[in-house]
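Read the structure below first, then the notes.
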Amino acid sequence: MKILVLGSAAGGGFPQWNCNCRNCAGVRDGSVRATPRTQSSIAVSANGTDWVLFNASPDILTQIRANPALQPGRGLRDTGIVGVVLIDAQIDHTTGLFMLREGRPLDVWCTPQVHEDLTTGNPVFNVLSHFCTVRWQPVSVVPPSPFSIPGAAGLRLTPVPLTSKAPPYSPHRHDPHPGDNIGVLIEDAATGRKVFYAPGFGAMEPHLEPYLDDADCVLLDGTFWTDDEMISLGISTKAAREIGHLPQSGPAGMIALLGRYAKPRKVLIHINNTNPILDEDSPERAELARAGIEVAFDGMLIDDGDRK
């Protein structure tokens with residue numbers, strides 16, 4: 001199984017187009033040693049040819065250009081992408097579908113809650129019905145129902161409900177439903193390897209324990225370093241947990257949580273432009289390294305559990 005990180009940043013990318021925080025300004029002028037990143041998405045394949053896209057960010061065309069495995073190679077009109085799985089209905093995970101409108105009908109796997117958001121508050125699916133069309137494939141999380149994707153032989157996917165926030169345009173933004181946000185356990189039938197992907201991991205819950213404990217690799221929410229990160233910078237009035245993200249630092253943060261699990265390779269993804277871990281020379285980045293936690297970057301390849 002190959003997991004290709006197409007984009008590793010949170011919404012807005014890094015540097016963010018309108019941000020002059022220390023990270024964004026520093027990467028532009030070279031005073032901060034950091035790597036630019038596009039918005040969060042991964043692609044997964046069992047054979048290296050047929051790929052499942054997890055989320056479709058606004059940067060999808062840039063990501064496809066940067067990764068030849070996803071480009072046409074077998075016909076006049078072709079793609080290595082055999083299906084799309086959406087973990088939520090957020091703008092930075094769904095509007096890239098518009099960029100795929102020139103192709104064949106899009107097979108999209110998502111929960112009924114995400115489907116509702118993308119046909120009402122942000123009617124992406126409705127707009128695409130005038131172009132390539134979307135063939136919705138329902139995903140059930142109550143109880144979690146494993147599924148496979150035609151054309152992606154060898155992969156087994158199990159959706160897992162997460163406590164997080166629906167988008168601001170969702171009818172249940174303040175009335176959480178199972179299925180607003182999911183993690184996905186991705187299994188390779190041939191090797192038995194398991195990856196748990198949850199870029200919207202907002203809180204630890206008892207039902208998540210076996211997924212973190214048994215996975216060979218976890219790709220989890222790396223959005224913020226502290227709960228008050230955006231507040232302290234004067235950018236927002238909301239804390240990380242209020243908008244559905246578990247910060248890394250603190251006694252109940254992601255670092256402490258991941259310290260409980262010895263087996264998996266630990267990787268943070270969906271990193272906000274303000275997060276000090278983007279600075280490769282920062283004490284926060286060093287703290288992650290001491291804890292055995294990696295920071296995802298665009299183009300990162302996780303190949304059957306090996307570090308590459």
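Since every read-out is calculated from the coordinates, none of them should be taken as a lab result. Because the structure is a prediction, the values reported are computed rather than measured. We place every Cβ from the backbone using ideal geometry, glycine too, and count neighbours over all the protein chains shown.
Restricting 79, 49 to those that are outside any strand (DSSP E or B), in contact (Cβ under 8 Å) with a residue 24 or more places away in the chain, of a type in the set (Val, Ile, Thr) and within 25 Å of residue 182 (Cβ to Cβ) reduces the list to 79. Could you list, in sequence order, all residues of the range 200-228 that are charged (D, E, K, R) and buried (at least 22 other Cβ atoms within 10 Å of the Cβ)? 221, the sole residue that qualifies.
For the range 263-272, the criterion of being polar (S, T, N, Q), closer than 16 Å to residue 221 by Cβ and under 15 Å from the mean Cα position of the chain (by Cα) is met by at least one residue. Summed over the range 89-121, the residues that are in contact with a helix residue (DSSP H, G or I) (Cβ under 6 Å, 6 or more places away or on another chain) and under 22 Å from residue 202 (Cα atoms) give a count of 3. Residue under question is residue 30, and the condition is that it be surrounded by fewer than 24 Cβ atoms within 10 Å (Cβ to Cβ), on the phi > 0 side of the Ramachandran plot, among the small types (Gly, Ala, Ser) and touching a Cys at 6+ places or on another chain (Cβ under 9 Å); does it hold? The answer is no for residue 30.
Yes or no: residue 160 of a type in the set (A, V, I, L, M, F, W, C), touching a residue at least 60 places away in the same chain (Cβ under 8 Å) and assigned to a strand (DSSP E or B)? Judged against the criteria, residue 160 is not a match.
Cβ-Cβ contacts under 6 Å between residues 6 or more apart (or on different chains), taken from a first residue in the range 97-121 that is under 22 Å from residue 151 (Cβ atoms) to a second residue that is crowded, with 17+ Cβ neighbours inside 10 Å and of a type outside the set (A, V, I, L, M, F, W, C), are listed as 107/83; 111/179.
From the list 266, 238, the one residue that fits, being outside any loop (DSSP other than H, G, I, E, B), out of contact with any Pro (no Cβ under 8 Å at 6 or more places or on another chain) and of a type in the set (Lys, Arg), is 266.
Residues of the range 52-76 that are in a loop (DSSP other than H, G, I, E, B) and surrounded by fewer than 17 Cβ atoms within 10 Å (Cβ to Cβ): 71, 72, 73, 74, 75, 76.
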